[in-house]
Amino acid sequence: MTIIQLPKILDQRGNLSFLESNKHIPFEIKRVFWVYDVPGGETRGGHAYKQSEEFIIALSGSFDVVLDDGKETKRYHLNRSYSGLYVPKMMWRIMDNFSTNSMALVLSSTIYDKNDYILDYELFKNMVK
């Protein structure tokens, strides 16, 4: 889990940032999804993945990502479209504190597989021991 700064090309007409699989992020992108229109006070996530890695970017607005490895919990505030949070597998994640009109872009190392999800926190803690 680390914040990764993405390339940022400044231009008076507007800035541009980009990323490439296995170059700016440490995996090949297999799936992309985005989270938006989250009502005030709501949380997203509340799970871990057995195999999937993620890279999360705040494309618009801001939100927090809370990561828990079973021993330590850290909160990351994302609010810049030119940096993102790398989340390795076997990391419990919760997204909260969404600002109005925020949008989270999530890049994943795997295609969707419901069997990759760990939805029970106690089970997760036992698995990482």
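Scanning the range 1-38 for residues that are of a type outside the set (S, T, N, Q), surrounded by 11 or more Cβ atoms within 10 Å (Cβ to Cβ) and not in a loop (DSSP other than H, G, I, E, B) yields Ile3, Ile4, Lys8, Leu16, Arg31, Phe33, Trp34, Val35, Tyr36. Annotation note: Cβ proximity below 8 Å between a residue of the range 67-86 that is within 24 Å of Pro7 (Cα to Cα) and touching a residue at least 12 places away in the same chain (Cβ under 8 Å) and a residue that is assigned to a strand (DSSP E or B) and basic (Lys, Arg) (sequence gap 6+ or interchain) occurs for Tyr82/Lys8. Tyr36 passes every criterion in (1) within 13 Å of Ser108 (Cβ to Cβ); (2) touching a strand residue (DSSP E or B) at 6+ places or on another chain (Cβ under 7 Å); (3) among the aromatic types (Phe, Trp, Tyr) apart from (1).
Answer yes if at least one residue in the range 43-66 is touching a residue at least 40 places away in the same chain (Cβ under 8 Å), among the acidic types (Asp, Glu), surrounded by fewer than 18 Cβ atoms within 10 Å (Cβ to Cβ) and closer than 30 Å to Lys125 by Cβ, and no otherwise.
Of the residues in the range 43-66, the ones touching a residue at least 40 places away in the same chain (Cβ under 8 Å) are 43-63.
Now restrict to residues that are among the acidic types (Asp, Glu): 53-54.
Filter again for surrounded by fewer than 18 Cβ atoms within 10 Å (Cβ to Cβ), leaving none.
Checked against the condition, which is being touching a residue at least 40 places away in the same chain (Cβ under 8 Å), among the acidic types (Asp, Glu), surrounded by fewer than 18 Cβ atoms within 10 Å (Cβ to Cβ) and closer than 30 Å to Lys125 by Cβ, the range 43-66 yields no hits at all.
Of the set (1) surrounded by 12 or more Cβ atoms within 10 Å (Cβ to Cβ); (2) modelled with pLDDT of 95 or more; (3) not β-branched (Val, Ile, Thr), all apply to Asn115 but (1).
Residues in the range 98-112 that are of a type in the set (S, T, N, Q) and surrounded by 19 or more Cβ atoms within 10 Å (Cβ to Cβ): Ser102, Ser108, Ser109.
For (1) of a type in the set (Phe, Trp, Tyr); (2) over 18 Å from Thr110 (Cβ atoms); (3) within 14 Å of the chain's Cα centre (by Cα), each residue gets a yes or a no:
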site: Ser21; (1), (2), (3): no, no, no
site: Pro26; (1), (2), (3): no, no, yes
site: Val32; (1), (2), (3): no, no, yes
site: Gly40; (1), (2), (3): no, yes, no
site: Ala48; (1), (2), (3): no, no, yes
site: Glu53; (1), (2), (3): no, no, yes
site: Ala58; (1), (2), (3): no, yes, yes
site: Arg75; (1), (2), (3): no, yes, yes
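Restricting attention to the range 70-129, the residues being in contact with a strand residue (DSSP E or B) (Cβ under 7 Å, 6 or more places away or on another chain) and acidic (Asp, Glu) number 2.
Close contacts from the range 7-25, counting a first residue that is over 19 Å from Ala58 (Cβ atoms) and small (Gly, Ala, Ser) and a second that is modelled with pLDDT of 95 or more and assigned to a loop (DSSP other than H, G, I, E, B), with Cβ to Cβ under 6 Å and a gap of 6+ residues or different chains, come to Ser21/Glu28; Ser21/Ile29.
The values are calculated or read from the model by the stated rules, or taken from the named source; none is laboratory data. Here the structure is a predicted model, which means the values were calculated and not measured. So basically every Cβ, Gly included, is an ideal-geometry build from the backbone, and we count neighbours across all protein chains shown.
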